[in-house]
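Heads up, the thing below is written out as C-alpha cells.
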Amino acid sequence: MRITGIKTEYISMPLKKPFKTALRQTSVAENIIVMIDTDEGIIGYGGASPTAVITGDILESIKGAIESYIGPAIIGMDIEDFDRLIKKVHSSIYKNTSAKAAVDMALYDLFGKHFKLPLYKLLGGSKKEMESDITVSVNSPEEMALDAIDYVSQGYTTLKTKVGVDSNLDIIRVKSIREAVGNHIKIRLDANQGWNAKEAVGTIRKIEDMGLDIELVEQPVIAHDIEGLKYVTDHVNTPIMADEALFSPEDCFTLLKNRAADLLNIKLMKCGGIYNALKINAMAESCGVECMIGCMIESKIGITAAAHFGCGKLNITRADLDAVALIAKDPIIGGVEVKGNTLILPEGNGLGIVGF
C-alpha cells in the first residue's frame with residue numbers, strides 16, 4: 001500500500017461551554033483534519049488541534065507544515081516501511097509537533113487498516129475501553145461547584161479542576177468542589193504552569209492540611225523550570241504530574257533522570273504522535289513511573305487515536321480525554337463512543353474512523 005497524496009481540511013466545532021485555564025480561554029474547537037490517500041483507495045485519517053500557548057502551533061502553521069514539508073517527504077512510500085515513514089515525518093521539519101501528530105495518526109490508521117486490525121490490538125492492548133476524567137474550567141468557586149455537580153450527574157467519577165490563576169482563590173475553588181461532590185469523587189488539579197515553586201508548595205500543603213484529598217497536581221510551575229518542578233515534587237505529599245514540561249522523549253529522559261515528577265502526562269499534540277508516545281511510555285515504565293494519556297481540544301479523530309494508544313499500554317493508568325464530551329457537535333463519523341465517563345473504541349480496523 002503506497003501513499004499517493006495528502007490533503008488537509010479545516011473544521012470548527014462549538015464547545016458546550018467556554019474552556020478556561022490559567023493559559024487561555026476558547027469557545028470553539030478548531031482542528032485541521034488530515035487525509036492520506038493510497039494506491040489501494042484506502043484513506044488514513046488524522047487530526048491536529050492548534051494550541052499556540054502550549055505547542056506554538058496555529059492553524060496556518062499546521063496546514064503549511066503538512067502540505068509543504070511532511071506530505072511531500074512521504075508520498076510514494078509504502079505503509080509497510082513504517083519505521084522509515086515515521087522518521088521521514090519527524091526529519092522533514094523542525095518542531096511542528098501538532099502537524100506531525102496528525103500525519104502520524106493517519107499513518108497508524110493506514111497501518112491498522114492494511115493489516116486488518118484495530119490499532120489498539122496492534123499496540124499490544126486487550127482492552128477496548130477506558131475511563132476519562134472531565135475538566136472543570138477555572139471560574140468562580142460557585143460556578144465550578146455547579147459544573148462539578150453536573151459532571152458527576154453525567155457519570156464522571158474523576159474531575160480535572162483547573163487552577164493556577166490565584167492561589168488563595170484556588171484553595172477556595174477546590175474546597176467548594178469537594179464539598180459539592182463529596183468524598184467519593186476523585187479530584188485532580190491542573191495549574192497549567194500558573195504558580196511558582198514556593199507558591200505551589202504552600203498552596204498544595206494548605207490543601208493537604210484541609211483534608212481535601214487531591215489525587216494529583218499537574219504542572220504546577222512553568223514548563224522550563226525542571227528544578228522548580230522537582231522542588232515541588234520533593235516537598236509535598238500529593239503526587240505531581242509533568243505536562244507542559246514533557247514534549248519529547250528527550251524531555252522524558254530529563255524528567256526521569258532528575259526525578260522531577262511522580263507522573264507524566266503524554267499528549268500526542270506535544271510529542272508528535274503515537275510513535276514518540278510509545279517511546280516516552282516505555283522509558284517511564286522502565287523507571288516505574290505511570291503515565292496519563294491527555295489531549296488538547298481535539299476532534300474525535302485525535303481523541304480516538306489517543307484512546308487506542310491508552311488502551312494499548314498497561315502503563316497508561318489514567319486518561320484525560322474529555323474533549324469529545326466538551327464539543328457540542330463533532331462532524332467526525334466513527335471513532336470512540338462515549339458512555340458516561342467511559343470511552344469505547346470501535347471495532348473497525350485502524351482508528352475506526354469512517355469519514356466526516
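The values are calculated or read from the model by the stated rules, or taken from the named source; none is laboratory data. Fair warning: this is a prediction, and the values are worked out from it, not measured in the lab. Here the Cβ is made from the backbone with ideal geometry for all residues, glycine too, and neighbour counts use every protein chain on show.
Conditions tested, residue by residue: (1) outside the structural domain of Ala197 (by TED's automatic domain parsing); (2) at pLDDT below 95; (3) farther than 30 Å from Ile11 by Cα; (4) touching a Lys or Arg at 6+ places or on another chain (Cβ under 8 Å).
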residue: Pro220; (1), (2), (3), (4): no, no, yes, no
residue: Ala223; (1), (2), (3), (4): no, no, no, no
residue: Val232; (1), (2), (3), (4): no, no, yes, no
residue: Val236; (1), (2), (3), (4): no, no, yes, yes
residue: Asp243; (1), (2), (3), (4): no, no, no, yes
residue: Cys252; (1), (2), (3), (4): no, no, yes, yes
residue: Tyr275; (1), (2), (3), (4): no, no, no, no
residue: Met283; (1), (2), (3), (4): no, no, yes, no
residue: Ile293; (1), (2), (3), (4): no, no, no, yes
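Of the numbered criteria (1) surrounded by fewer than 20 Cβ atoms within 10 Å (Cβ to Cβ); (2) touching an Asp or Glu at 6+ places or on another chain (Cβ under 7 Å), the one Leu122 fails is (2). Across region 214-232, the number of residues qualifying as crowded, with 24+ Cβ neighbours inside 10 Å and at negative phi comes to 6. Here Val136 meets the list (1) within 30 Å of Pro72 (Cβ to Cβ); (2) buried (at least 24 other Cβ atoms within 10 Å of the Cβ) almost entirely, failing just condition (1).
Out of Ala307, Ala277, which single residue is under 24 Å from Thr161 (Cβ atoms) and in contact with a strand residue (DSSP E or B) (Cβ under 8 Å, 6 or more places away or on another chain)?
Working: Ala277 fails: under 24 Å from Thr161 (Cβ atoms).
On inspection, the qualifying residue turns out to be Ala307.
Please verify whether region 289-297 includes one or more residues that are farther than 26 Å from Leu59 by Cβ, in contact with a Pro (Cβ under 7 Å, 6 or more places away or on another chain) and either surrounded by 19 or more Cβ atoms within 10 Å (Cβ to Cβ) or of a type outside the set (D, E, K, R) (or both). Scanning region 289-297 turns up no residue that is farther than 26 Å from Leu59 by Cβ, in contact with a Pro (Cβ under 7 Å, 6 or more places away or on another chain) and either surrounded by 19 or more Cβ atoms within 10 Å (Cβ to Cβ) or of a type outside the set (D, E, K, R) (or both). Restricting Ala180, Ala242 to residues that are closer than 30 Å to Gly124 by Cα and out of contact with any Phe, Trp or Tyr (no Cβ under 9 Å at 6 or more places or on another chain) narrows the list to Ala242. Is region 155-165 home to any residue that is farther than 18 Å from Leu321 by Cα and of a type in the set (Ser, Thr, Tyr)? No, region 155-165 contains no residue that is farther than 18 Å from Leu321 by Cα and of a type in the set (Ser, Thr, Tyr).
From the list Asn315, Asn349, exactly one residue is in contact with a helix residue (DSSP H, G or I) (Cβ under 9 Å, 6 or more places away or on another chain) and without any contact (Cβ under 8 Å) to a residue 60 or more places away in the chain. Which is it?
Numbers: Asn349 fails: without any contact (Cβ under 8 Å) to a residue 60 or more places away in the chain.
Checking each option against the conditions leaves just Asn315.
Specify which of the listed residues (Glu142, Glu80, Glu131) is surrounded by fewer than 20 Cβ atoms within 10 Å (Cβ to Cβ) and under 20 Å from the mean Cα position of the chain (by Cα). Result: Glu131 is the single residue among Glu142, Glu80, Glu131 that is surrounded by fewer than 20 Cβ atoms within 10 Å (Cβ to Cβ) and under 20 Å from the mean Cα position of the chain (by Cα). Looking across region 298-355, the residues that are within 18 Å of Asp109 (Cβ to Cβ), among the small types (Gly, Ala, Ser) and surrounded by fewer than 20 Cβ atoms within 10 Å (Cβ to Cβ) come down to Gly334, Gly348, Gly355.
The requirement of being in the same structural domain as Asn276 (by TED's automatic domain parsing) and under 23 Å from Ala245 (Cβ atoms) is fulfilled somewhere in region 120-133, by at least one residue.
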